[in-house]
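Here's the structure we're looking at; comments come further down.
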Amino acid sequence: MARLINNRWAELALVTGLIVLAGLLLPSNYYFRVGALVLISAIAAVGLNLLLGFAGQVSLGHAGFVGIGAYAVALLPTHWGVPTLASIFLGAAFSGVLALAIGRPILRLKGHFLAVATLGLGILVAMVLTNEARITGGPDGMPVPRLELLGTRIRAPEAWYWIAGGTLIISIVFAQNLLNSSTGRALRALHDSEVAARAAGINVARVKGIVFSISAVYASISGSLLALLNGHITPDTASFLNSIELVTMVVLGGMGSLVGSLVGAAVLVILPQALTVFHEYEHLLLGSFIIAIMIFLRDGIVPTLRKALLERKAPEDRV
Amino acid sequence: MSLLNPISLLSVSNIGISFGGIHAVDGVTFETSAGQIFSIIGPNGAGKTTLFNLISGVYRAESGIVMLGGEDVSTLPPEALAARGLARTFQNLQIFFRMSALENVMVGAHVHEKRRALSHLFGLPSTARENRGTRDAAMALLERLHLAGVTNRSAGSLSYGQLKRLEIARALASRPKILLLDEPAAGCNPTETAEIDEIIVEVAKSGVAIVLVEHDMKLVMGVSDRVLVLTQGRMLIEGTPEEVTNAPEVIEAYLGTGLPTMEASHD
Amino acid sequence: MLAQFLQFTMSGLTVGAVYAIVGLGFTIIYNASGVLNFAQGEFVMIGGMVTVFAVAAGVPLPLAILLAIAVAAIVGVALHRLAIEPAKDASPVVLIIITIGGALVIRGIAQIVFDKQLHKLPGFSGDTPVNFMGASILPQALWVLGGSALIVTLVTLFFAKTMIGKAVLATAANRLAAQLVGVNTSVILAISFALSATIGAIAGILVTPITFTNYEVGTMLALKGFAALVLGGLGSPAGAILGGMVLGLCESLSAGYLSSTYKDAFAFLVMIAVLLVMPSGLLGKPSAERV
Amino acid sequence: MTMNRLWEDDMRFLKSTPVLAGFALAAGFSLAPAMAQDIKIGAVLSVTGPASFLGDPEEKTLKMYVEEINAKGGIKGRKLQLITYDDGGDANKARTFATRLVEEDKVVAMVGGSTTGTTMAMGPVFEDAQIPFISLAGAVVIIEPLKKFVFKTPHTDRMACEKIFEDMKKRGLTKIGMISGTDGFGKSMRDECVKVNARFGIEILAEESYGPRDTDMTPQLTNLKAKAGIQAVVNPGFGQGPAIVTRNFRQLGMTMPLYQSHGVASKQFIELAGEAANGVRLPAAALLVADKLPASDPQKPVAQAYAKKFQDATRQPVSTFGGHAYDGLMILAGAIERGGANPKAIRDEIEKTKGFMGTAGIFTMSPTDHMGLDLTAFKMLEIKAGDWAIAE
């Protein structure tokens, strides 16, 4: 029991420490922007980790929800005068309800079948955003009205870094709350054995729907923040490649590790920035890095390192 | 013979299912009541586990009826049966390997926990209270099954015997009225078997109806109130341990396949 | 009316045949190793690009084709040896991510070795369309359809008749058992990667005269091929073919009759609907969880 | 496990994460050596991804000509340093690189933005930093409404529509069908065409579209063919789509005039479409027909020189896309030459560009016109026997 609580606070302290430390060290707006992108991606990755890493349900369409969140803060204020903050919540609510409604039938599918169904879902969202040009601006996208807080318009990457950092910490707290509850135990249980979970009285369809919906809300909020940071949004946000990138973040960082989602997001956002010096070798190197990480840190970066550390430090712990 | 006896906790009547034209379970009928230990034995492939899957809602019966406390539950899914007080273990372990031993048992208490995903997400005080209650109960069960030493260990790192007991603890965590145990002692050494034996008797005494599938004849004959013998999905005989042991058809059936005690454990 | 319908159908079948062959390539590797290889589309790219560049360098077409197939097969084996085998006990999701990394690497190399331009090959039998009951069809489309049929036949025969084919099946069914009876499963897995790459490359060569090729055509093809494979029923070669054809027909018929803007959307809606009714795909066997 | 021990773990763990390492790496690289007196200019281009056929020649052109300028001693004795990033066609990445150019690389100006989407995403970064940004993308929205620091060199898609409709009017074609790509270019041009068609008395009877990665457009074209009264078809789009449309068009035996856009203004289109390309008309800059321009045409030497240099260096067919990069770089070089290497001064000088002869035509910018091209610079071309010909 003590250990459980300790783990939780350690995780939170680690993330908060990292965010604050990096925030104090970052030298320029560019670094703040990259940092903000890491944190914003991490929010979506934490949500997807609940679904993929903890509940074991694959989604190849999560960028669709990122897109919904992004366009919520672009469309609602532009066309209907909804305040930006309210738009974030409306987008999140819409994503959550949509996920709940679609999740019920789709989540009956297993493994790769679920992957393809969610893939289709993501592509549908991207297509609507691309094709309904009168409202969404089409493939070239549309501008996003700036967020106004206390009368000031927030546009500096540094401000967004701290906003995203705060949001990420809250996201992790909520994720921890969930995991440390009956619903959380239920969703982790169904990952390992659906039949045993059902025998224990878990309504598997309901729990899957809930976690799908929660992860959609995370993705949507991440999308809203991304749109507000950028000030301009294109349907690429919802593209299949971004869905794949989110999954890669979760798997690289470590399925079932919330800190891992932050690390995975950091790797996939920062690595391409670092690799630009190699120009045309960039993609080749990025692919090689991903392969190498997965071969040598098979359970993902954080779980593998944690295991290695624990094994070295506390061999007596293992029997 | 009045089979659908309303006093009986669990009654199964004329139940059957077939896979690919082969009758895996065919016309099985029995009933059992609170505090009783009812055992099902039979050679490999006799349909014992299939029968469990039918009773616990994993498979839906093609024919026949399952009654639970007087209610027809033949078409209900497993989670609905769990809510009505039915718990089970699995022959080939169905452990939540990514969770700790404690958490495995806590999952067992799911039916008694509130389904309020939002208050779980926000971590309201009610959730913390609920967690404490569930955790304390789970700790007590771990202790009862001699697993207190591995409380926080990942289930994936436990030994086979420990996992067998963990499944029983998880099933007990739901405070069941009926408990289906699928080979609880398989793969356990004599000491462990004796411990399980003791727990089964203790649980039955507390008023739980136990249905037991087991290969260990000593255990079965020692604890059971009634025994049912299955071969090829059909009932061979049902009666007290003495009746079954002395029945000529049982001796005949087992001569062909080797005595059940001699069978190797399953993986 | 009939002519129009035929035109749509031919279009759907030709496009579908490509999805089908990519899906078939997926199936072969999946069956042998349980890996969903998202670099499958890159084999198609290699087939097309190597042929184009060899022909441009003066190599006669038949030789260029053989060269392209050889290169693809080598890349397939290299992918297995360098990326998949070192991680062979990893979880399926991790293996998928590895193949995605592999696709990035292959594409990254192609972008350096070749170029970023679009390229085409001349049609094998010219580019003059033939008329079939009012629908006009490119001879190359017939090559694609015929080639696909031939590939499917050969793959079926390979598994049914040859020792290697049977060894692949045995490895797929039970790797440990196959090892026990003396099958070198590592070699068998390498062979299945090579075979899958070969099929992909042939598809790439057949379609380049119609669809063009460049260093990143693989991404979209992998996506569609994966969808075809799952729609048809994971692991079933016939299912992959059927799934590809259904997907292609859905796209062209909805482009023709409903809305060209949302044709992909219709295709995916049909696919989701099929999966909801048949959760194991069109020809997949329902998998009962053993308890 | 005690709290303390866990903390220790965490600290070690923190050091081992690639987060900081990554930042350190990025920081190290961005401090790449630059001579103090070099003038830094940036370029964010879609060198890979779906728009790579734009970004690739653009990047090659910029590198080639920066080298040439430096070989000749730079601008007023100061060398140019070109910093390029590949956004892969992704607007979000483009914006990050734009920020990087401004914040880290401290460029004085930027030539780039291959697509309208990436340009629109980057625009505010340069506006905020007050650094001039010459975009190489087509859509009118880039300069309309006018943004103080944003310019562009290619003809707008609206001009392309107008050019096509003008030509149709001349030929007496009034009822048309459209088939457009759903990529940014195709969609944007389609929208512009639908805005201006009435002015030319042209009626759009049917519309179809296709995805940027589609490989067969016969279903859409079959529908256009079946629609009664269509006298011509317009195909806004770029990349492989228009080549496939053209081939499918001939495959279906459609004989009405087919108009492509300036999005295919490269010899590559003719290579891909093959025989089917013959008879296709499209509006494009004179660059493509440099050799066929009359000797009296003042644009001839510029266009010819660029085409030759590009083809010799890359052994790839010349495209107007690379030409736009040439125009942008040269306009920028001229502005630096006149006003020095201060971003604001450069902006003011770009706006004063007058009579600059580029590959796309003569540029004369003004405080209200940040492109400076008119329709006269645009030629209507027809493909004849596998080569460009001037159709007017």
**Request:** Looking only at segment D:11-19, decide whether some residue is among the polar types (S, T, N, Q), out of contact with any Asp or Glu (no Cβ under 9 Å at 6 or more places or on another chain), modelled with pLDDT under 90 and open to solvent by 20 Å² or more (accessible area, probe 1.4 Å).
**Result:** yes
**Item:** Lone qualifier among B:Asn92, B:Asn104 - being over 15 Å from B:Gln162 (Cβ atoms), touching a residue at least 24 places away in the same chain (Cβ under 8 Å) and out of contact with any Gly (no Cβ under 6 Å at 6 or more places or on another chain)
**Value:** B:Asn92
**Asked** In segment C:209-260, which residues are part of a loop (DSSP other than H, G, I, E, B) and within 13 Å of chain D (Cβ to nearest Cβ)?
**Response** C:Phe212, C:Asn214, C:Tyr215, C:Glu216, C:Val217, C:Leu258, C:Ser259, C:Ser260
**Prompt:** Would you pick out the residues in segment A:1-14 that are in a helix (DSSP H, G or I) and either charged (D, E, K, R) or within 9 Å of another protein chain (Cβ to nearest Cβ) (or both)?
**Reply:** A:Ala2, A:Arg3, A:Leu4, A:Asn6, A:Asn7, A:Arg8, A:Trp9, A:Ala10, A:Glu11, A:Ala13, A:Leu14
**Message:** Going by what's in this entry, would B:Ala87 be described as open to solvent by less than 10 Å² (accessible area, probe 1.4 Å), assigned to a helix (DSSP H, G or I), under 16 Å from B:Arg165 (Cβ atoms) and in contact with a Gly (Cβ under 9 Å, 6 or more places away or on another chain)?
**Reply:** no
**Item:** Breaking point among (1) closer than 26 Å to A:Leu107 by Cβ; (2) within 14 Å of chain C (Cβ to nearest Cβ), for A:Ala186
**Value:** (2)
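Given C:Val105, C:Val113, C:Val93, which one is buried (at least 17 other Cβ atoms within 10 Å of the Cβ), over 20 Å from the mean Cα position of the chain (by Cα) and either without any contact (Cβ under 8 Å) to a residue 24 or more places away in the chain or away from chain A (no Cβ under 14 Å) (or both)?
Numbers: C:Val105 fails: over 20 Å from the mean Cα position of the chain (by Cα); C:Val113 fails: buried (at least 17 other Cβ atoms within 10 Å of the Cβ).
After ruling out the rest, the residue left standing is C:Val93.
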**Request:** Residues that are more than 14 Å from chain C (Cβ to nearest Cβ): find the helices (runs of 4 or more DSSP H) completely inside segment A:15-134 holding 2 or more of those.
**Result:** A:29-49, A:62-80, A:84-106
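Just one of D:Pro132, D:Pro124 is within 23 Å of D:Phe356 (Cβ to Cβ) and over 12 Å from the mean Cα position of the chain (by Cα); which is it? Quick ask: steps written out before the conclusion?
Details: D:Pro124 fails: within 23 Å of D:Phe356 (Cβ to Cβ).
After applying the criteria, what remains is D:Pro132.
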**Message:** Can you name every one of the helices (runs of 4 or more DSSP H) wholly within segment C:1-99 that holds 1 or more residues which are charged (D, E, K, R) and touching a strand residue (DSSP E or B) at 6+ places or on another chain (Cβ under 8 Å)?
**Reply:** none
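Out of C:Val144, C:Val168, which single residue is in contact with a Ser or Thr (Cβ under 7 Å, 6 or more places away or on another chain), outside any loop (DSSP other than H, G, I, E, B), surrounded by 15 or more Cβ atoms within 10 Å (Cβ to Cβ) and modelled with pLDDT of 85 or more?
C:Val144 is the lone residue from the list that is in contact with a Ser or Thr (Cβ under 7 Å, 6 or more places away or on another chain), outside any loop (DSSP other than H, G, I, E, B), surrounded by 15 or more Cβ atoms within 10 Å (Cβ to Cβ) and modelled with pLDDT of 85 or more.
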**Request:** Under 7 Å between Cβ atoms, at least 6 apart or on separate chains: pull out the pairs that start in segment D:288-300 with a residue that is assigned to a helix (DSSP H, G or I) and end on any residue that is open to solvent by 30 Å² or more (accessible area, probe 1.4 Å) and not hydrophobic (A, V, I, L, M, F, W, C).
**Result:** D:Val289/D:Lys379; D:Ala290/D:Lys300; D:Ala290/D:Gln304; D:Asp291/D:Gln304
**Asked** Within segment D:196-231, how many residues turn out to be modelled with pLDDT of 90 or more, among the basic types (Lys, Arg) and more than 23 Å from D:Thr255 (Cβ to Cβ)?
**Response** 1
**Request:** Any chance you could count how many residues in segment A:271-312 are closer than 18 Å to C:Val93 by Cα, open to solvent by 40 Å² or more (accessible area, probe 1.4 Å) and at the interface with another protein chain (Cβ under 7 Å from one of its Cβ atoms)?
**Result:** 2
**Item:** One residue from B:Arg135, B:Arg129, B:Arg115, B:Arg98 being surrounded by fewer than 21 Cβ atoms within 10 Å (Cβ to Cβ), at the interface with chain A (Cβ under 8 Å from one of its Cβ atoms) and part of a helix (DSSP H, G or I)
**Value:** B:Arg135
**Message:** Exactly one condition in (1) open to solvent by less than 20 Å² (accessible area, probe 1.4 Å); (2) within 15 Å of C:Ile106 (Cβ to Cβ) is false for C:Ile21; which is it?
**Reply:** (2)
**Prompt:** Out of all the residues in segment D:188-216, which are aliphatic (A, V, I, L, M), more than 13 Å from every other protein chain (Cβ to nearest Cβ) and surrounded by fewer than 20 Cβ atoms within 10 Å (Cβ to Cβ)?
**Reply:** D:Val196, D:Ala198, D:Ile204, D:Leu205
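The values are calculated or read from the model by the stated rules, or taken from the named source; none is laboratory data. All values derive from a computational prediction rather than experimental measurement. Every residue, glycine as well, gets a Cβ built from its backbone with ideal geometry; the counts of neighbours run over all protein chains shown. Ligands, DNA and RNA are excluded from the accessible area calculation, which covers all protein heavy atoms including side chains. Shrake-Rupley method; radii C 1.70, N 1.55, O 1.52, S 1.80 Å.
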